[in-house]
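The structure appears below as structure tokens.
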Amino acid sequence: MKQWQKIIVTPDQTLLETMKIIDNSSLQFAVVVDEERHLLGTVTDGDVRRGILRGEGLEVPITSIMNANPISVQTGQRPYRLKQFMKSKKLKQLPIVNKHNQVVDIFFTDNLETSTNKNTVILMLGGLGTRLRPLTNDIPKPMLKIGNKPILETIIEGFKQFGYTHFIFSVNYKKEIIQEYFQNGEAFDVTIDYIEEEKRMGTAGALSLLEQRPTAPFFVMNGDLLTQINFDQLMEFHREHQSMATMCVREYEYQVPYGVIETDGVHLAGIKEKPIQRSFVNAGIYVLNPEVFDYIPQNEFYDMPTLFEQLIAADQKVSVFPIREYWLDIGRIDDFHRAKNDFKELTNNEA
């Protein structure tokens, strides 16, 4: 079976089934066809995440979120012409069809950006880890070990697998422990620079300490997160939507312990017994354009939600990227123990 044939899905397959096909393929793409292989639509990771944001359930047919008007070309085109066409349309995948609109091939551009990635990763590591005491009495939270390595080392490895190797650590509490362990990053095949917070600056305020601003979109991430997010997909999503700033969000649900009353004026319209409420919450991972520095005050406490609110007020384009991969904020003792158990399961599954 040719590689592209593994990403063919049918209209009756669900969003969940298609997600698994996309995730299991290095191509990050799926094509929807009928029984005779006529092209009906295409599905990218971005289409999946936009569907999640709209509230689409995992069991909806893939036709609910697919791009029903995909760009395709007929057979007979020379590869260099296809590359030129895809570059002009900013495409990474291009279905090839015959005169009957049946898919006969899919052309992919080589994603050179992964191997030559210059996007900076800024990790916020200055927190006191108060809720994790006594574990953090003598060690900063990012240096707590999950498995046989610090949380921070696992974060670095997560970025490295997508070609991101330039890091800036924003440090404060017990900073010498982090600096002594990672130094300039050479031992980890990355480059690490440091900014030092003399006082609490907030997630966005610490960015004002940078001596040299990034010249391309850059990542900012809290240093107490474990995640298996695809950072390439996040960066592509940010660029696709031409955003000034993108915030990763996570769906959070909770059950109201009471019957919720619905009213129509003074009349009782209905009762929902202990309903489950769902909302998206900030996941502590961001992609920002260099222009955001124009909105960040110098040497002041300034948190990331405030920056996003200011960008919205300034009518800048701000996006949200729903995380559907594993994600855990290690903020409390029970989170730390859960992370250790999760790590065992994840590494066993990878093995």
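Each value in this text was obtained by applying a stated rule to the coordinates, not by laboratory testing. Bear in mind that the values here come from a model prediction, so they are computed numbers and not experimental data. Glycine gets a Cβ as well: all are built from the backbone with ideal geometry, and neighbour counts include every protein chain shown.
General observations
- Thr263-Gln316 FRET efficiency (beta carbon distance; Förster radius 35 Å; 0.05 resolution): 0.35
- Computed from the Cβ-Cβ distance with R0 of 35 Å, the FRET efficiency linking Val60 to Lys344 stands at 0.55.
- Order of Thr75, Thr44 under a 10 Å beta carbon neighbour criterion, fewest first: Thr75, Thr44
- The range 214-274 versus the range 160-204: alpha-carbon centroid distance in Å: 28
- Extension gain (nm, one decimal) between Glu309 and Arg78, 0.36 nm per residue minus Cα-Cα: 78.3 nm
- Cα→Cβ-extended label distance, 7 Å offset, between Ile71 and Thr10, nm: 3.1
- Rounded to the nearest 500, the 222 nm mean residue ellipticity of the chain from helices alone is -7500 deg cm²/dmol, with -39,500 (n - 2.57) taken per DSSP H run of at least 4 residues.
- Residue with peak Gaussian network fluctuation, the chain [Cα springs, cutoff 10 Å], from Val292, Val121, Val256: Val256
- Note on Arg131/Lys90: beta-carbon distance plugged into 1/(1 + (r/R0)^6) with R0 of 51 Å gives a FRET efficiency of 0.70.
- Figure legend: label point modelled 7 angstrom from the Cα of Lys99 along Cα→Cβ; residues of the range 60-84 with amide N under 19 Å from it are 72-78.
- Note, ³J(HN,Hα) from phi for the range 32-44, Karplus 6.51, -1.76, 1.60, rounded to Hz, x at Gly and Pro: 9, 9, 8, 4, 9, 6, 6, 6, 9, x, 10, 9, 10
- Long-range amide H partners of Lys317 with built H, under 5 Å: Met244
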